[in-house]
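The values are calculated or read from the model by the stated rules, or taken from the named source; none is laboratory data. The model shown is predicted, which means the values in this text are computed figures rather than measured ones. Glycine gets a Cβ as well: all are built from the backbone with ideal geometry, and neighbour counts include every protein chain shown. Ligands, DNA and RNA are stripped out before the accessible areas are found, and what is left, the full protein with its side chains, is counted by its heavy atoms. Shrake-Rupley method; radii C 1.70, N 1.55, O 1.52, S 1.80 Å.
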Amino acid sequence: MSPAILCSTGIVTEDPNQTDHKAILEHAPKLGATGYELQVHNAWYGHLDDVVEDLRSSELSFPVLHAEKAIGAGLGSDDGDEGEEALASLEVNCRAAAALGAKTVVLHLWEEPSSDEAIERNLDRLPACLDTAEAYDVVLAVETIQGTWGTPLANIQLALERDARCRVTLDTEFLGFHGQVAESITADWLWADNRVTHVHLKDFDGRMRDGNGRRYLLPGEGNLDLQGFLTGLVERGYEGGITLEANAITQGGELDEERLQQIAAVVQQLSGS
């Protein structure tokens, strides 16, 4: 069975310029994906139930939910209250995932501004994160985001050693930043016990940011060997989802229709490969 090609809803929503979830309902069907990974935004807290209900009422499928990214910074905080708030936010996200019918929740276990500078605190709170996910019958998959002190794979290995229930989301851009795309396929320890359960696909050309902020490069726009990576997934017998992460929002918060068409073309190409 070939992995399902999903799209991130971050293609049409973005902090802080465009967080209206109705943009997902309007534009996601144009992308032609089999399903979508819902990116939760901080602005949705307080009416997240309404967001979930609107999305559930649509014909779109959301097998994956990406937890709000700031949770990871709280998990690494030396302030106990901030740590508890991060765990409470994760519970809200897991509850939303369960209500939406998602089976996987992607988590930034560490996150800027503190990143992984206090990775032991993040790891100490990992079991509680996994307990929360289990309570809502969802799989928690820690993403291989970039690190300041450690590499994505080194940090993920620490997480797997801390709690065997942990699962992994591979992100090609962040792995590429650390030169670890090929290693993510060849590392036998990473693939033991079906540890890799999700994948984020985007290209990388040596820069995480430019003058316009975060950059999301489509396959072929950077210098990663993404075809080799995808072939490696097949050779590993990977059957989970692959989310194309991209962005079609301008700096002014408007939708770039041309970029949206380019993304849809890549979805079609990946789905046929």
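Placing a pseudo-label 7 Å from each Cα along the Cα-to-Cβ vector at Glu59 and Asp15 gives an inter-label distance of 3.3 nm.
Distant-in-sequence amide contacts of Gly240, defined by a placed amide H-H separation under 5 Å and a gap of 5 or more residues or a different chain, comprise nothing. The per residue volume of the convex hull around the alpha-carbon atoms of region 86-195 is 99 Å³. Under the shape rule built on the C-alpha gyration tensor, where the axes satisfy a ≥ b ≥ c, region 2-84 is prolate, since a/c reaches at least 1.5 and a/b is greater than b/c.
Taking each DSSP H run with n ≥ 4 as -39500 (n - 2.57) and averaging over every residue of the chain yields -12000 deg cm²/dmol at 222 nm.
Taking amide hydrogens as placed 1.01 Å from N in the peptide plane, the amide H of Asp203 sits under 5 Å from those of Leu217, Leu218, each at least 5 positions away in sequence or on another chain. Multiplying the residue separation of Lys30 and Asp188 by 0.36 nm and removing their Cα-Cα distance gives an extension gain of 53.1 nm. Surface listing: Arg215, Arg165 arranged by accessible area from highest to lowest gives Arg165, Arg215, probe 1.4 Å.
Listed values for region 60-68 are Karplus-derived 3J(HN,Hα) couplings in whole Hz (6.51 cos²θ - 1.76 cosθ + 1.60, θ = phi - 60°), namely 7, 10, 10, x, 9, 10, 9, 4, 3, and x replaces Gly and Pro. Using the Kyte-Doolittle scale, which helices in the chain average at least -1.0 and also have C-alpha atoms spread 27 Å or more along the helix axis, with helices defined as whole DSSP H runs? Going by DSSP H runs, the hits are 80-100. Using only the Cα atoms of the chain, build the gyration tensor, take square roots of its eigenvalues as a ≥ b ≥ c, and label the shape rounded, prolate or oblate: rounded if a/c is under 1.5, else prolate if a/b is larger than b/c, else oblate. Here the chain falls in the rounded category. Taking the empirical scaling 2.2 N^0.38 Å for compact globular proteins as reference, region 232-273 has a Cα radius of gyration ratio of 1.52. Extents of region 31-123, largest first, come to 43, 25, 19 Å (Cα atoms, principal axes, whole angstrom). The length gained by stretching the chain between Ala118 and Asp79 to full extension, at 0.36 nm per residue less their Cα-Cα distance, is 12.8 nm.
Using the Cβ-Cβ distance between Glu161 and Asp137 with R0 = 30 Å, the FRET efficiency computed as 1/(1 + (r/R0)^6) comes to roughly 0.75. The phi torsions of region 198-205, fed into the Karplus equation with coefficients 6.51, -1.76 and 1.60 and a -60° offset, translate into couplings of 7, 9, 10, 10, 7, 8, 8, 10 Hz, rounded to whole numbers, with Gly and Pro shown as x. The amide H of Val138, built 1.01 Å from its N in the peptide plane, has no neighbour under 5 Å, considering only residues 5 or more places off or on other chains. One equal scatterer on each Cα of region 137-273, no solvent, Debye formula: the resulting log10 I(q)/I(0) at q = 0.17 Å⁻¹ is -0.97.
Taking 23 Å as the straight-line reach from the Cα of Lys103, the lysines in range (excluding those fewer than 8 positions away in the same chain) are Lys22, Lys69, Lys202.
Extent of region 18-175 along its three principal axes (Cα atoms, max minus min coordinate, largest first): 41, 32, 29 Å.
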